[in-house]
Structures are given as structure tokens and as C-alpha cells.
Amino acid sequence: MRKKVALITTGGTIASKEISKGLLNSGALTGSELADLCQLPDDIEVKVVDVMQKPSMHIDFDSMLEIREAILTQLKDPSICGIVLTHGTDTLEETAYFLDLTINDKRPIVVTGSQRSPQDVGTDVYSNMRNSIYVAVNNIVNDIGVVVVFNERIYSAKYVKKVHASNVQGFESFGYGYLGIIDNDHVSIYQKPVSKDFYNIKNQIPRVDIVKCYSSADGVFIDAAVSAGAKGIVLEGVGRGQVSPYMMDSIKKAIEKEIVLVVTTSAEEGKVYPSYGYYGSTFDLQQNGVLLGEDYDSKKARIKLAVLLASSHEVKQTDF
């Protein structure tokens with residue numbers, strides 16, 4: 001009996017065409033055109049669903065909601081074993097984590113893309129798509145949540161990030177590793193997440209901004225985010241989560257306006273932690289009402305905070 005997977009396409013490099021030498025039109029191919037180019041498995045039925053044809057930097061929260069609805073529609077069909085979503089790589093990690101937080105289904109949801117176009121020599125389009133399809137129909141991937149498949153590796157949506165601008169080994173999960181591999185169409189899983197968060201979006205997703213900390217940084221970007229109507233701000237601190245002391249006045253004013261602030265670290269590994277007692281330290285931030293973002297990177301913390309706020313959830317320290 002053939003297994004059935006829904007292939008949902010959104011554009012990106014994986015669906016690009018060459019405009020001129022060295023210049024691509026991202027998201028130009030339809031899902032059917034893309035599928036026709038690939039040597040898809042004969043023993044698996046692939047249902048192609050075109051949702052949009054966009055470069056990934058054009059994907060916003062409205063786009064993510066549209067993608068989510070398309071996935072939920074396909075999951076209503078009990079004959080669907082799993083979902084493969086093709087997506088541009090630049091914001092792939094953000095969409096993948098958004099879906100992980102907002103879809104509650106045990107069947108595999110696999111997000112993939114490519115670093116090279118379908119026409120490039122040595123393209124990773126076909127291997128990533130084929131591997132993703134095999135993951136999507138394999139029940140050993142059930143109950144893991146959304147995963148990202150790239151260069152024969154399977155990553156958790158929560159910790160995966162793009163680490164190379166162009167190399168086919170474009171994604172990694174520093175400090176946590178990958179969940180498994182695909183080797184000659186065989187899927188192996190070596191570790192699974194021990195818990196999964198799910199939130200039901202009830203309201204419009206609010207504006208949440210990221211403010212990066214650096215030497216001598218002041219509060220100008222925090223003030224700008226507040227003026228623009230942000231309901232949440234993620235501070236990308238350094239080390240254990242410290243920020244510049246010149247940012248503290250703006251941080252305090254934002255909290256007084258009931259804006260939720262979360263501090264993360266720009267370090268690739270490790271958690272924010274109140275190790276120091278000086279002005280602008282993580283301890284100082286915590287004492288003033290800033291939530292500690294644990295081991296989240298700033299982009300994933302932004303996605304989670306936006307989802308929490310849209311779900312009418314009272315955001316607490318334990319959410320991170």
C-alpha cells in the first residue's frame with residue numbers, strides 16, 4: 001500500500017529560476033514543477049499543494065498563519081502520513097518553530113529548503129526533498145513535533161538555525177546536535193525532545209521586536225520599538241545575558257508600560273543566568289521584571305513570545 005504525503009510549497013531558493021548569470025528569481029517554480037524535477041519515490045504518493053511563491057524574507061506572521069492553515073487542512077485527511085513544507089532558508093527556522101508551537105498533531109511535519117537552485121551544479125534541492133518525504137512517512141518520527149531536514153540530517157525546530165550563508169551544510173543545532181539522519185532512504189532517529197509546547201492562537205499576533213546589545217548601546221531602539229507599538233521586546237544580551245547599562249532606563253520605561261521583555265544571549269551555547277549583580281546585569285534585569293530567555297536564541301524567543309501573547313497566555317518565567 002502506497003503511503004501518502006502532502007508536499008506544501010511556499011517558494012524560496014528551492015523553487016527558484018535563474019534570471020541571468022548568478023541572479024535568481026526566488027520562488028518562481030510551482031510545487032508541481034518542482035516535484036516533476038525530482039526523482040520522488042515510486043512507493044509514496046505525493047500530493048502537491050501550492051500555498052505561495054515567496055522569497056523567505058517576504059514571509060511574515062500572516063504568511064505563517066496561512067501556511068499553518070494549509071497544513072491543518074491537509075492533516076484533516078487521515079490517509080496523510082505526514083507533511084513536507086518547502087521554504088526559503090533565510091527564515092526557515094522561524095516558520096518551523098512557529099508551526100511547532102501552534103500545531104498539535106503526532107504526524108511528522110518536515111520543513112526543508114535548499115542553499116542552491118534546482119539548476120545549479122551540485123544542487124541540494126532533490127536530496128533534501130527526497131529525504132524529507134521519507135521522513136514524513138516514517139512513524140518513528142511521530143510525536144517529535146516539527147523537524148527540519150537538511151543535508152541528510154534531522155533537526156528539532158526549537159534549536160535549529162541557519163549557520164552558513166551558502167554552503168549545503170547550512171543548518172546546525174549547536175550544543176544539542178541533530179535528532180537523526182537519512183542514509184540511502186533509511187531514516188534513523190537517535191534522540192527525541194522530552195517535551196513539546198502547544199498554544200492555541202486566539203488573537204492577532206502582536207508586534208515583537210529584537211534589540212541587539214553591544215558595547216555602549218543605548219535605549220534608542222527600545223524606545224523606537226515601544227513607539228512602534230511593540231507588545232514584546234527580546235533583548236539579545238551577551239554572555240549570561242548582560243546588556244549595556246545605557247539601555248536600562250529605556251528597559252524600565254518599557255516594563256512600566258506593561259510591555260513584556262525577554263533577555264537572551266548572543267552566545268551560540270549556554271543559558272542566561274543571574275551571575276552578576278551590577279547595573280545592566282542579568283540579575284538587575286530580572287529584578288526589574290525582565291524574563292530570562294534561558295537557552296533560546298533571539299529569533300526563536302521572538303516567535304515564542306509573539307505566540308504566547310496571541311494566545312492570551314499570561315507570559316511567565318516558566319514559559320522559557
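The values are calculated or read from the model by the stated rules, or taken from the named source; none is laboratory data. Note that the structure is a prediction, hence the values are computed from the model and not measured. Heads up, the Cβs are rebuilt from the backbone with ideal geometry, glycines too, and the neighbour counts pull from every protein chain shown.
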Hits in segment 256-273 - residues which are part of a loop (DSSP other than H, G, I, E, B) and either surrounded by 15 or more Cβ atoms within 10 Å (Cβ to Cβ) or not acidic (Asp, Glu) (or both): 257, 259, 266, 267, 270, 271, 272, 273
Checking residue 117 against (1) farther than 30 Å from residue 199 by Cα; (2) of a type in the set (Gly, Ala, Ser); (3) not in a loop (DSSP other than H, G, I, E, B), the condition it does not meet: (3)
Cβ pairs under 8 Å, 6+ apart, first in segment 234-245 and at positive phi, second among the hydrophobic types (A, V, I, L, M, F, W, C) and not in a strand (DSSP E or B): 239/267; 241/272; 241/285
Close pairs (6 angstrom Cβ cut-off, 6 or more residues apart or separate chains): aromatic (Phe, Trp, Tyr) in segment 251-280, assigned to a helix (DSSP H, G or I) anywhere: 279/245
Candidates 198, 221 - the one that is outside the structural domain of residue 105 (by TED's automatic domain parsing) and either touching a His at 6+ places or on another chain (Cβ under 7 Å) or exposed (fewer than 15 other Cβ atoms within 10 Å of the Cβ) (or both): 198
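Regarding residue 253, is this residue in a helix (DSSP H, G or I) and surrounded by fewer than 16 Cβ atoms within 10 Å (Cβ to Cβ)?
Values: in a helix (DSSP H, G or I): yes; surrounded by fewer than 16 Cβ atoms within 10 Å (Cβ to Cβ): yes.
Yes, satisfied.
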Filter result (surrounded by fewer than 24 Cβ atoms within 10 Å (Cβ to Cβ), closer than 16 Å to residue 308 by Cβ and hydroxyl-bearing (Ser, Thr, Tyr)) within segment 87-116: 102
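In this structure, is residue 300 under 23 Å from the mean Cα position of the chain (by Cα), assigned to a loop (DSSP other than H, G, I, E, B) and of a type in the set (Lys, Arg)?
Numbers: under 23 Å from the mean Cα position of the chain (by Cα): yes; assigned to a loop (DSSP other than H, G, I, E, B): no; of a type in the set (Lys, Arg): yes.
For residue 300, the condition - under 23 Å from the mean Cα position of the chain (by Cα), assigned to a loop (DSSP other than H, G, I, E, B) and of a type in the set (Lys, Arg) - is not met.
Only strands (runs of 3 or more DSSP E) wholly contained in segment 1-112 count here; list those with 1 or more residues that are of a type in the set (Lys, Arg) and without any contact (Cβ under 8 Å) to a residue 24 or more places away in the chain. Step through it out loud before you land on a result.
Working: elements: 3-11, 17-20, 23-25, 44-54, 80-86, 109-112.
Output list is empty.
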Search result, residues across segment 52-82 that are closer than 21 Å to residue 104 by Cβ, touching an Asp or Glu at 6+ places or on another chain (Cβ under 9 Å) and crowded, with 20+ Cβ neighbours inside 10 Å: 64, 71
Test: residue in segment 165-178 that is within 22 Å of residue 144 (Cα to Cα), in contact with a helix residue (DSSP H, G or I) (Cβ under 6 Å, 6 or more places away or on another chain) and surrounded by 19 or more Cβ atoms within 10 Å (Cβ to Cβ): no
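Of 229, 293, 241, 237, which residue is touching a Cys at 6+ places or on another chain (Cβ under 6 Å) and of a type outside the set (Val, Ile, Thr)? It would help to see each step written out before you state the result.
Working: 229 fails: touching a Cys at 6+ places or on another chain (Cβ under 6 Å); 293 fails: touching a Cys at 6+ places or on another chain (Cβ under 6 Å); 241 fails: touching a Cys at 6+ places or on another chain (Cβ under 6 Å).
From the options 229, 293, 241, 237, the qualifying one is 237.
For every residue, the table says whether it meets (1) out of contact with any Ser or Thr (no Cβ under 6 Å at 6 or more places or on another chain); (2) at pLDDT 95 or above; (3) outside the structural domain of residue 244 (by TED's automatic domain parsing); (4) surrounded by 16 or more Cβ atoms within 10 Å (Cβ to Cβ).
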residue: 287; (1), (2), (3), (4): yes, yes, no, no
residue: 291; (1), (2), (3), (4): yes, yes, no, yes
residue: 296; (1), (2), (3), (4): no, yes, no, yes
residue: 302; (1), (2), (3), (4): yes, yes, no, yes
